[in-house]
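The values are calculated or read from the model by the stated rules, or taken from the named source; none is laboratory data. Keep in mind the model is a prediction, meaning the values are calculated, not measured. FYI the Cβ positions are ideal-geometry reconstructions off the backbone, even for glycines, and counts take in every protein chain you see.
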Amino acid sequence: MDAMGWQIGAVLIGASALIVAIYIGRLLNSTTKVVEKAYKIIDYNERHIHDTIENVASITRNTEEITDVVTKITSITKVFKFFKR
């Protein structure tokens, strides 16, 4: 009777390992499909992505210039407030 229980346990463990292996295989297959679609989207929109990156760099540069101008203006207003007193 003990041998039969051991054999049933081994079969159940083997079946569960097979199910997990099939699940992992399907998961990897679907992951591969998602990655391929992402590559296709990136290849199709590569020019737009490059333009967007250049625009972000330009916007950052303009923001820095505006911040510098605002800083200078606030320092000038502080000087005028000092003379106003």
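Brief remarks on what is shown
- For the range 31-65, the set of residues classified as among the small types (Gly, Ala, Ser) and more than 19 Å from the chain's Cα centre (by Cα) consists of Ala57, Ser58, listed by residue number.
- Long-range neighbours under 9 Å by Cβ, at least six apart or interchain, first residue part of a helix (DSSP H, G or I) within the range 30-44, second at pLDDT below 95: Ile42/Ile49
- Test for Ile49: is it in contact with a helix residue (DSSP H, G or I) (Cβ under 9 Å, 6 or more places away or on another chain) and among the β-branched types (Val, Ile, Thr): yes
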